[in-house]
Amino acid sequence: MDQVPYEQSRVTLNPGDRLLLYTDGASETFNASGELYGGERLLNYCREASLSLSSRKLLSGLLMDLNLF
């Protein structure tokens, strides 16, 4: 993808921080009405998910949200 500019950066993760890596298959999911799940909805899900959830439960909830969408 020659047209896409890539950047290099560093991020320091602290105890309790989470890093979610996902493919475009998550953000580019469409519902029956043809609406795109989108990156913003994905970000909102992560913001609204309880920080007390384990990573496994957070991911399970995200998969459920994608399937319900």
Unmet requirement for SER60, which otherwise passes all of (1) part of a helix (DSSP H, G or I); (2) of a type outside the set (Lys, Arg); (3) open to solvent by 70 Å² or more (accessible area, probe 1.4 Å): (3)
Scope region 25-53; condition loosely packed, with under 10 Cβ neighbours inside 10 Å, part of a helix (DSSP H, G or I) and not basic (Lys, Arg); matching residues: GLY25, GLU48
TYR22 - would you say it is assigned to a helix (DSSP H, G or I) and surrounded by 11 or more Cβ atoms within 10 Å (Cβ to Cβ)? no
Subset of region 1-26 [among the polar types (S, T, N, Q) and closer than 19 Å to SER55 by Cα]: THR12, ASN14, THR23
If you go through region 5-58 one residue at a time, how many are farther than 18 Å from PHE69 by Cβ, more than 14 Å from the chain's Cα centre (by Cα) and in contact (Cβ under 8 Å) with a residue 12 or more places away in the chain? 2
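The values are calculated or read from the model by the stated rules, or taken from the named source; none is laboratory data. This one's a predicted model, so the numbers in the text were calculated from it and none came from an experiment. Note that we place each Cβ from the backbone using ideal geometry, even for glycine, and neighbour counts take in every protein chain shown. For the accessible areas, the whole protein counts, side chains as well, though only heavy atoms, and no ligand, DNA or RNA atoms are used. Shrake-Rupley method; radii C 1.70, N 1.55, O 1.52, S 1.80 Å.
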